[in-house]
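Undergrad: Mind having a look at this structure? Questions to follow.
Throughout, read-outs are computed from the coordinates displayed, never taken from laboratory work. All values derive from a computational prediction rather than experimental measurement. Here the Cβ is made from the backbone with ideal geometry for all residues, glycine too, and neighbour counts use every protein chain on show.
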Amino acid sequence: MNLTLVKGCLVCAVAISIDYDVCGQTEFQDNSSYQLSIQQIQNNLKIDGILDEEVWQEAEVATNFWLQAPIDGERARQKTEVRMSYNDRFVYVAAKCYDDPNYVIQTLKRDKFGESDEFTLLIDPVGQQTNGFAFMVNAWGAQSEALLSPSSAGLAGSNIDESWDNKWFVAVQQASDHWTAEFAIPFKTLRYKTSIENWNINFVRTEPGSNEIHVWAPVPRQFNAFDLGYFGRLTWDQAPQKIGGNVSLIPYVTTSLSQQHQPESISGTELDAGADAKIAISPTLNLDLTYNPDFSQVEVDVQVTNLTRFNIFFPERRQFFIENSDVFVEFGQFADRPFYSRRIGLDDFGRMVPILYGARLSGNVNDKLRIGAFNMHSKGDDQRMGQNYSTVTFQHRFWKRSSVKGLVLNRQAFDGSELVEGNFGRNWGGELNLSTPDGKWQANGGFIQSVKEGFNHKNHHLYGRFNYNGQLFRTFLAVQHLGEHYFADMGFTGRLVNFDPEANEIVRVGYTQVSNMLNYYIYPKASKRVNFHWSGLENFVYVNSDGSLNEWYTRLRHFIFFKNTSQLRFRLNNNYVDLLFPFALTDTPLPAESYSMAEFNVQFNTDLRKRLNTEMFMVYGQFYGGTKLTYRGELAFRTQPWGNFALGLERNDIWLPNPYGSLSLTLATARAEINFATNLFWTTFVQYNTQADNFNINSRFQWRFAPMSDLYLVYTDNYRVAGIFGPKDRSLVLKFNYWITL
């Protein structure tokens, strides 16, 4: 059917097309009628959040926002008005968000999406739904930016990478019944084509007070509000022109004091320097260069308790690897990826390995084709060889949301400047991704081959997936096979590597994985307390290369999401495991036998908008012939808007039959975040982990004295906790970096 609506100050009414999901819910299929014109001005605007300039009185208005969550298809009750303009240097945005003054502000810290009263601008300058930018500000002026990319098959919506940083300007003002935000985004920050007169855009408003998300161009609720497939259009009076040379230099200087206590006490002082550069080869293609990069300011990894037989996947946090990272990382299935950037410049324990240099080219060649290529070289020393890492990848789009992709990876060892013959690891392959225009039906298939000296068979990774994302019903079926001689020296493989404690050796075991999920959502319209229910069933089956069953994991779950942001989750899990090798969880390894385990867990968090809130989790059940009790809790307190404080505790108590003994593991955390202003932060993170035998203190002071220019003071201290409590190592780092735009 058709609805007629009036958009802001437009003279003409426009029609949008609405049709129905298979389960009877309305979904918006075409946002082409959502258009906002943008006109050029000659002068620069003063970015103060006061929208009194004449341009804002004359600019076209985007308003009449829609609800996107918890329901869609209805108008937002809170009014939002957005206007845009530009000159030869900046894209300007003015937003007026009507609301009462009781804002929820979780933090003044940068890069905290979705937690406060916020307004977000979404831009896809190329208009091909392959990548985009998000610029957000909350009602107190804390700004964030992110990169958007298409989701992997099986995920609803777009991937959001909040680690990306770039230069732009914003100011806010508050009034009794609204707050305003004024943006200035340099054209040099964006990647766009000079021949395109229509960009894809959307505007998102986060309303934690009512636990709602509002969007200008409607997005079905089963996708996230940032989905690249549901943008409206920004119509330019003329296509934006190229903005001169677009080169940025980011030099840094660090000085550090360090002290090592294992195996002997060693102290040292170091002065270091390096630089990054960002060069726009074309408006949509960027070259990143780095020399002697330093990542000492990056926050430490959040430690976890690992009760599995395999390694844990940790996210990338280093800025150099972030922009356009999806063109490199979006291959493979689940955590099994041929490319995992943490293999570069980090060892197996997450400690930094010095990098000599790096170069990376990424972006759009044309409307359909994106490419990525990089080369990085890490330093060698007495403990390890130097390594050179190279990658070439492409992504070619066809139809509306489908693509074909390919990549080649190469790791090569060096002894000084000499290449080490035979010490290499290579991968090549491709992937086909198919999607209907609305993103509800998706399928993909991929093939990755590994090349390593002496391994010429059983050396591939095959995978495929089908999924459906409806409003009420969602499902996927995924299959993958990894041969025992498949190596991903620049990637991550979770289950291929097994440890045999009796032989004290690593054994590679190939496997086939079959996974499926069935989810059903209920949205009770009459309920005053519940937003929706989510019930689901998951199955993960792992079959050894000889056809025998290795593991079968089944989960039945029901989640309740309340209108006040609290959540209640129930899970019933059953896990069958046929151990191939003994499992050394305690001093006496568990025998290589079959085990059937059932457990039940419950999880609850209180209203996240409250200054004092908590999360509680408990699981109890069978565990490898014994019993396991896990309980976890976090207590958080917010002094709005300047302070966030949290205490967390996780405890795992495991009782195994004789002679395997018992095990108790404790992971305790404490975090204090003090925001003196939107450019001055102090964060301290303390972690106590008995499994890792480590007590860690990481305290970081950051002063953003100019856009994208920072002064950091970082203190890190590690102690052993088993036996006699004592120091391992500590460091104090002072880092200065400055962003220079040429």
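Undergrad: Give the shape of the range 81-189 as rounded, prolate or oblate, defined through the alpha-carbon gyration tensor: a ≥ b ≥ c are the square roots of its eigenvalues, a/c under 1.5 means rounded, and otherwise the shape is prolate if a/b is larger than b/c and oblate if not.
TA: On the way: a/c = 1.91, a/b = 1.31, b/c = 1.46.
Judged from the Cα gyration tensor, the range 81-189 comes out oblate (a/c at least 1.5, b/c at or above a/b).
Undergrad: Starting from the range 337-380, pick out the trypsin sites (Lys or Arg not before Pro) whose DSSP state is loop and whose Cβ has at most 12 other Cβ atoms within 10 Å. Please list the in-between numbers first.
TA: On the way: sites: Arg342, Arg343, Arg351, Arg360, Lys368, Arg370, Lys379; in loops: Arg351, Lys368, Lys379.
Those satisfying the criteria are Arg351.
Undergrad: Which whole-number percent gives the relative contact order of the chain, counting Cα pairs below 8 Å spaced six or more residues apart?
TA: It rounds to 9 percent for the chain.
Undergrad: How high is the FRET efficiency from Lys400 to Phe455, r the C-beta distance, R0 35 Å, rounded to 0.05? Provide the component values of the computation, followed by the final result.
TA: Working: r = 40 Å, r/R0 = 1.15.
That gives a FRET efficiency of 0.30.
Undergrad: A further question follows. Which distance in nm do the two modelled labels at Ala592 and Asp237 give, with both placed 7 Å along the Cα-to-Cβ direction?
TA: So the label points at Ala592 and Asp237 sit 7.5 nm apart.
Undergrad: By the scheme Lys and Arg +1, Asp and Glu -1, what is the net charge of all other residues having a beta-carbon under 9 Å from that of Ile697? Intermediate values should be presented prior to the final figure.
TA: Numbers: positive: Arg730; negative: Asp717.
Local charge sum for Ile697: 0.
Undergrad: List the lysines whose Cα sits under 22 Å from the Cα of Lys458, skipping any in the same chain fewer than 8 residues away.
TA: Hits, sequence-local ones excluded: zero.
Undergrad: Further question on the same structure: How high is the relative contact order of the range 291-422, in percent, with contacts defined as C-alpha pairs under 8 Å that are six or more residues apart? Numbers along the way, then the final one.
TA: Details: 197 pairs, mean separation 22.0, N = 132.
Relative contact order of the range 291-422: 17 percent.
Undergrad: At a Förster distance of 35 Å, what's the computed FRET efficiency of Leu612 paired with Asp111, Cβ-Cβ distance as r, to 0.05? Kindly include the intermediate steps, with their values, before the conclusion.
TA: Numbers: r = 24 Å, r/R0 = 0.69.
The pair Leu612/Asp111 has a calculated efficiency of 0.90.
Undergrad: Between Arg508 and Leu249, what FRET efficiency comes out of the Förster formula 1/(1 + (r/R0)^6) with R0 = 45 Å and r the beta carbon distance, rounded to 0.05?
TA: Working: r = 45 Å, r/R0 = 1.00.
Given R0 = 45 Å and the Cβ-Cβ separation, E is 0.50.
Undergrad: Just to confirm a number: summing +1 for Lys and Arg and -1 for Asp and Glu over residues other than Thr741 whose beta-carbon lies under 10 angstrom from that of Thr741, what do you get?
TA: Values: positive: Lys167, Lys188, Lys278; negative: none.
Computed value for this residue: +3.
Undergrad: My understanding is that a pair violates if its Cα-Cα distance is over 22 Å; which of Lys167/Lys193; Lys112/Lys405; Lys46/Lys278; Lys400/Lys440 do that in this structure?
TA: Values: Lys167/Lys193 20 Å; Lys112/Lys405 31 Å; Lys46/Lys278 27 Å; Lys400/Lys440 13 Å.
From the list (Lys167/Lys193; Lys112/Lys405; Lys46/Lys278; Lys400/Lys440), the Cα-Cα distance tops 22 Å for Lys112/Lys405; Lys46/Lys278.
Undergrad: Give, in nm to one decimal, the length gained when the segment between Phe313 and Leu742 is fully stretched (0.36 nm per residue of separation minus the Cα-Cα distance).
TA: Working: separation 429, 0.36 × 429 = 154.44 nm, distance 3.84 nm.
Result: 150.6 nm gained on full extension.
Undergrad: Are there chymotrypsin sites (Phe, Trp or Tyr not before Pro) in the range 346-448 that DSSP marks as loop and that have at most 16 other Cβ atoms within 10 Å, and which are they?
TA: Values: sites: Phe349, Tyr357, Phe374, Tyr389, Phe394, Phe398, Trp399, Phe414, Phe424, Trp428, Trp441, Phe447; in loops: Phe349, Trp399.
Loop-located and lightly packed - Phe349, Trp399.
Undergrad: Just the number: Rg to Rh for the chain, Cα atoms, Kirkwood Rh, two decimals. Please list the in-between numbers first.
TA: On the way: Rg = 26.5 Å, Rh = 27.9 Å.
Answer for the chain: 0.95.
Undergrad: Just to confirm my numbers, what's the Cα centroid distance between the range 484-507 and the range 109-143 in Å?
TA: Their Cα centres are 40 Å away from one another.
Undergrad: Next question, about the same structure. Within the range 259-274, what residues put their amide N at less than 18 Å from the label point 7 Å along the Cα-to-Cβ vector of Leu713?
TA: From the range 259-274, the list is 270.
Undergrad: Another one. Provide the net charge surrounding Arg557, with neighbours chosen by a C-beta distance below 9 Å and charges set as Lys +1, Arg +1, Asp -1, Glu -1. Don't skip to the end; give the middle numbers.
TA: Working: positive: Arg555, Arg569, Arg571; negative: Glu538.
So the environment of Arg557 carries a net charge of +2.
Undergrad: If the cut-off is 22 Å between C-alpha atoms, which lysines fall inside it for Lys525, apart from same-chain ones fewer than 8 positions away?
TA: By straight Cα distance, Lys525 reaches Lys563.
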